[in-house]
Amino acid sequence: MAVRLGSQSLWNNFRKIDNNYLHKNYFLFRKIDTVQKVNHAKYWKGHNSNYFSKKIFNRVSCVAGVTTLICASYYRYVYGDTFNNIPNVLAAKEKGFPQFKISRSIKSKHHPLGVKLTLFQYQTCPFCCKVRAMLDYRGYSYDVVEVNSIWRTQIKWSKYKKVPILVCEGIGEDDYLQINDSSVVMSLFESHLWDNSQSIEKLLTYFPAIESKDTRGKTVYDFPNKYFIMFQEGTPYANDKFLKKERKWRKWVDDRLVHTLSPNVYRTPSEALQAFKYFENVGDWGNNFSKFECFFIVHIGAAAMYFVAKMLKKKHKLHDDVRFSLYEACREWNNALQKEPFMGGNSPNLADLSAYGVLSSIEGCTAFQDLLEHTKIGKWYYRTKEAVINHKGIGLQDQFRE
């Protein structure tokens, strides 16, 4: 017998999900085009919360049991401990690296690394956006494999189950090296650019994963060096003051800015649906996933993330109107610029690329348009975007070498 599940009952089921699944390093399942500025305000003007709750939630209620299980699994995956039984989560190597359909290839004439790079990602995950911002700014060539967020077929080969995962082929004992954690990827590649006398594999040993127990006795892993640039004495990267500032603001992006995004993007049912429809469009899901998968991800994902956003709002103690929390964070960033073009001075550093990458993940959403209207973040944002899409970081380090 079919059971009809209303929105209140669905919410009650979501509340039963163990809060232990919350994890600070969450991803947001989003797809934003970081090259083209898109405004869908007119299209979505008439789609209010009543439309979403009457049309979409009625569909969801027809498969209430399945929905609850899927959303619970989805929630656990996003926020849970995915590091179980991984002896080295930083550089997990698996023999027989499989080949998957390439969603797209980014080609550069100035690829600074003589190996093939493959990025496993969700296009709108803010941590994936951080990595792409760095790769594009520095002019790397790389392939992109879009991962299905529900079944995760594309990363079943990996013990590490979070994105981004960057694979370097032609390196290591097994002829490929897997690099996990967005901040580690950025620090590792920046270290190699400034000190290419050391191999990627050697530099990777400077970013160990540390195992510990949290207050609940659960095993957790941390990367204590993930914000550090590793180079030998005499490398003309920057002075200590610059490096400390860069590390501070990179950490701020991960600890503060990113936590304001999900509650804002999925603030209302209509905004959640608008976001996922947008992700489907700009993510080219139609060419990467089946029609059923697209429909399932859009509608189940929107419903799940609407409720998850409410939990995150409470967890991170955001304002009742979560827009204020987003505005405050961006004003804090703007004030720290101190009238400089970038946090890195005359050119973006890793802090700029991190903040830009995270914000680019919501560029096509209603929250981003509101952000531009209520803060002055736009000038810095589009200045950084122009530097990223035009690869203005190519060869920048060579200017400081004799």
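Please find the FRET efficiency linking Gln198 to Asp255, where r is the Cβ-Cβ separation and R0 is fixed at 30 Å, and quote it to the nearest 0.05.
0.55
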Decide, for region 264-402, between rounded, prolate and oblate: order the square roots of the alpha carbon gyration tensor eigenvalues as a ≥ b ≥ c, take rounded if a/c falls under 1.5, and otherwise choose prolate if a/b is larger than b/c, else oblate.
-> oblate
By average Cβ neighbour count within 10 Å, what is the ranking of 296-304, 311-319 from highest down?
-> 296-304, 311-319
Approximate spin-label separation Lys244-Arg104, in nm, with each point projected 7 Å along Cα-to-Cβ = 4.1
When ranked by the protection proxy of mean other Cβ atoms within 10 Å per residue, highest first, what sequence do the peptides 265-275, 191-201, 141-151 form?
-> 265-275, 141-151, 191-201
Based on the mean of other beta carbon atoms within 10 Å per residue, what is the order of 381-389, 162-170, 180-188, 206-214, most packed first?
-> 180-188, 162-170, 381-389, 206-214
Arg216 versus Gln338, label points 7 Å from Cα toward the beta carbon: distance in nm?
-> 4.1
Normalised contact order of region 227-358, rounded percent, pairs of Cα under 8 Å and 6 or more residues apart = 33
What is the distance, in nm, between label points placed 7 Å from the Cα along the Cα-to-Cβ direction at Ile389 and at Lys291?
-> 3.3
Fewest-first ranking of Trp252, Trp157, using other Cβ atoms within 10 Å as the exposure measure | Trp157, Trp252
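Read-outs: derived from the displayed coordinates by stated rules, not from any lab. This is a predicted model, so every value here is computed, not measured. As a convention, Cβ positions derive from the backbone with ideal geometry for all residues, glycine included, and neighbour counts pool all protein chains shown.
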